[in-house]
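The numbers here are math on the coordinates, done by the rules we state, and not lab data. All of these numbers come straight from a predicted model, not from anything done at the bench. Here Cβ is always computed from backbone atoms with ideal geometry, including for glycine, and neighbour counts include all displayed protein chains.
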Amino acid sequence: MTDRQSHILIAIIEQYAEIAAPVGSVMLAKLFGVSSATIRSEMVKLEHMGYIMQPHTSAGRIPTDKGYRYYVNQITEQSYTPELPSLDRSTKFIEARVASNHDRADKMIRSAVDSLVELTHNLGIATIDGQLYMSGIGSLFSQPEFMNGGTAPQSVARLLDNLEPWLREASPDEPLNVYIGEENPIGKSSEASLIISKFRSPYSNRSYIGVLGPTRQSYARTIRLVREVALMLEQTL
């Protein structure tokens, strides 16, 4: 992939996360200061490589799971650092909620999950004493991807039904794990991404906290929030 193709792919992913609609060549041409024809040519190449797709004949492009994987790898390997608004206010909001429940570890973890739900509009999850705590199902299913019927909501439900035994059996060992769309070990057709971080708690050295949301989301912001919340809990607990 050329540098220009990489930059176009990143722009498509970030624009799509923001507007929830296919991204066209006219918008990108203005962004990059080149002709629409140049952008369309690069889009065709990216599509042939499997990084983007065209959902309708006359529509713009949207990322594929492969495109999202490339983007997430760029972020986690620090090859690309997106410009993000300061998360200081969000972090202080979470710290305050967690600190208000300092007397019980389970309440602290629950408040951290609830905070992630409010900040990401995804479904939040955490393991507490071998059980899976979930919050924000309404937030998850209010996302555009899950409001138009189809099989995705049922696949998400299957994923949630099997998430606790899978976490217990697989015990992902990386500090942060991102499973995108078909990468999910269960619910492969869910069009959802699971972002989880491992942390030490009074219950286990392998407790987990994270979110489940649509593949279309702000990965940079969500990954950073999940990482910071896991670190905060580990330091506090």
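Once fully extended, how much extra length lies between Leu176 and Glu95, figured as 0.36 nm per residue of separation less the alpha-carbon to alpha-carbon distance? Kindly include the intermediate steps, with their values, before the conclusion.
Numbers: separation 81, 0.36 × 81 = 29.16 nm, distance 2.02 nm.
Here the answer is 27.1 nm.
Computed packing ranks the peptides 186-192, 154-160 as 186-192, 154-160, most packed first, by mean other Cβ atoms within 10 Å. Between the helical axis of 105-120 and the longest alpha-carbon principal axis of the chain there is an angle of about 20 degrees. Computed extension gain for Thr2 through Ser35, at 0.36 nm per residue and net of the alpha carbon distance, reaches 10.1 nm. Compared with the dominant principal axis of the Cα atoms in the chain, helix 219-236 is inclined by about 20°. Among Arg224, Arg61, Arg89, a tally of other beta-carbon atoms within 10 Å of each Cβ gives an order, fewest to most, of Arg89, Arg224, Arg61. Rounded to the nearest 20, the size of the Cβ-charge dipole of the chain about its Cα centre is 260 debye, with Lys and Arg at +1 and Asp and Glu at -1. Pairs exceeding 28 Å between alpha-carbon atoms, taken from Lys66/Lys92; Lys107/Lys198; Lys66/Lys107; Lys45/Lys198; Lys92/Lys188: Lys66/Lys92; Lys66/Lys107; Lys45/Lys198; Lys92/Lys188.
Between region 172-209 and region 29-61, the alpha-carbon centres lie 32 Å apart.
Pick from Leu87, Leu116, Leu167: which residue has the top mean-square fluctuation in a GNM of the chain where Cα pairs under 10 Å get a spring? The residue that fluctuates most here is Leu87.
The angle between the Cα long axis of helix 152-170 and the longest principal axis of the Cα atoms of the chain comes to about 50 degrees, rounded to the nearest 10. Considering only alpha-carbon pairs that sit under 8 angstrom and 6 or more positions apart, the relative contact order computed for region 26-135 is 11 percent.
Given a Förster distance of 41 angstrom, what is the FRET efficiency for Met27 paired with Glu183, based on the Cβ-Cβ distance and rounded to 0.05? Could you put the intermediate results ahead of the total?
Values: r = 28 Å, r/R0 = 0.69.
Result of the calculation: an efficiency of 0.90.
Which one, (1) 1.11; (2) 1.06; (3) 0.96, gives Cα Rg over 2.2 N^0.38 Å as derived from the coordinates shown? Of the listed options (1) 1.11; (2) 1.06; (3) 0.96, (2) comes from this structure.
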